[in-house]
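Okay, so here's the structure we're looking at.
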Amino acid sequence: MRKITGAFQRLEELLIAVSFSIMVVSSFAQVVNRNFIGGGVSWFEELSRYCMIYMALLATELGLRDGTQVAVSAFTDKCGPTLRLALSMLSQAIVIVFSVIVFVTSFQLLQKQVAYGAHSAGLDMPMYIPYFALPLSFAIIAVVQSARLLASIRRASGGPGQVAGGPQP
């Protein structure tokens, strides 16, 4: 299971880095083109926007995984380690259910985009490519969070030496 989640995490981090790099280069090229050359190339902005969408959606799971998402922990900080672990597992289960629902819905939307054959205005790119960011991101979220939930369950039901509420894998 760790190999699978590790592969998903590496893919996710690679896609975030590539999306960020392309976004920065295309934004810079658009600014240089508009301010110094005097021309406007619309596809630079469109490319930058699509890369930002991929980056933001993929980074959602990264934030969930390393705990950098915004969270209100006033209640859970006052709970004991066992209750804190139970609430963490409940929270992960809710994220998984939500991610599966969004994945299924966005996959249906992606299928419609493929069937309609719409293209973007600037890049003349098939619109299913930008829409693919949703099912890709939420599939990765569901898989990685499911693996983390299973690890939490194993840790909680483990024998002596297992610390409830300890750091997550």
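We did not get these values from a lab; they are worked out from the coordinates using the rules stated. Remember, predicted model here, so these are calculated numbers, not experimental data. Positions of Cβ are backbone-derived with ideal geometry, glycine not excepted, and every protein chain shown enters the neighbour counts.
Sorting 68, 105 from the fewest to the most surrounding beta carbons within 10 angstrom yields 68, 105. Using 0.36 nm per residue and subtracting the Cα-Cα separation, the extra length available between residue 14 and residue 41 on full extension is 7.0 nm. Neighbour counts of other Cβ atoms within 10 Å put 129, 96 in the fewest-to-most order 129, 96. Under the combined filter of DSSP loop state and at most 11 neighbouring Cβ atoms within 10 Å, the range 35-99 retains these trypsin sites (Lys or Arg not before Pro): 78.
Over the chain, DSSP H runs of length four or greater, each weighted -39,500 (n - 2.57), average out per residue to a 222 nm ellipticity of -25500 deg cm²/dmol. Between residue 119 and 127, the built amide H atoms are under 5 Å apart, and every one of these is 5 or more places off in sequence or on another chain.
With a simple spin-label model that places each label point 7 Å from the Cα along the Cα-to-Cβ direction, the separation between residue 76 and residue 111 comes to 3.5 nm. Residues 128, 54, 116 in ascending order of nearby Cβ atoms (within 10 Å, fewest first): 116, 128, 54.
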